[in-house]
Amino acid sequence: VSQSRYEPVELLNEGAYGKVYKVIAPDGKVFAQKVYTRLPDANEIDILTRFVHPNLLHAVEVFFDGKMLNVILPYAHTDLLDDLNKNSSYSFAKALQFSYDILSALHFMNASGYFHCDLKHDNVMIDDTGKFILADFGLSFLSEIQHPTTICGTDTYGSPQIMFNMIPKTSSKWENNC
């Protein structure tokens, strides 16, 4: 982790654009720190810094350490897949909460002019209160610039139209993981 006022605790994840660490702030609060090893898409940083919604991951702080871009994020203790593996199934109430939280986040993004385009269990975090939070905006794009008939996201989590490259001209944002 780059030099900052946050103390690294452990490496949480490593992806194509960087690494995510669990860090502790000087006041003892726990956060996640994403250290970009490649420049992220401008849409991702725009969404992380500008959008405030209870079910969207948002940046607490963004800084450049002279070498790399760093984003401090709220710490979520698990993701959807890990939670389902631990609990094997959800009650109706929890499934309803999941649906509401994620649809609320997607609706907010779409109403703000963005498509998420990578909806999958890895990109749904769960905080300490049990709230579901949509994350990873690296494939998101502005709806006014691109139409979501472009193949985007993770193939195996898309609709059959995506998997078999049969996108109709009337394809919806939902068929495209958006």
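Any read-out appearing in this document is the output of simple, stated calculations on the displayed coordinates, not a laboratory observation. The shown structure was predicted, so the numbers you read here are calculated from the model rather than taken from an experiment. Every residue, glycine among them, receives a Cβ derived from its backbone with ideal geometry; neighbour counts consider all protein chains shown.
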Please list 3J(HN,Hα) in residue order for the range 133-143, calculated via the Karplus relation 6.51 cos²θ - 1.76 cosθ + 1.60 where θ = phi - 60°; whole Hz, with x for glycine and proline. 10, 7, 10, 6, 9, x, 9, 5, 8, 6, 5
If we sort 89-95, 41-47 on the protection proxy, mean other Cβ atoms within 10 Å, highest first, what's the order? 41-47, 89-95
Across the range 27-43, in residue order, what do the Karplus-derived ³J(HN,Hα) couplings come to in whole Hz, using 6.51 cos²θ - 1.76 cosθ + 1.60 with θ = phi - 60° and x for Gly and Pro? 7, x, 6, 9, 9, 10, 10, 9, 10, 7, 8, 10, 5, x, 5, 4, 4
Which far-off residues, 5 or more places away or on another chain, put their amide H under 5 Å from the one on Val9, with H placed in the peptide plane? Lys22, Val23, Ile24
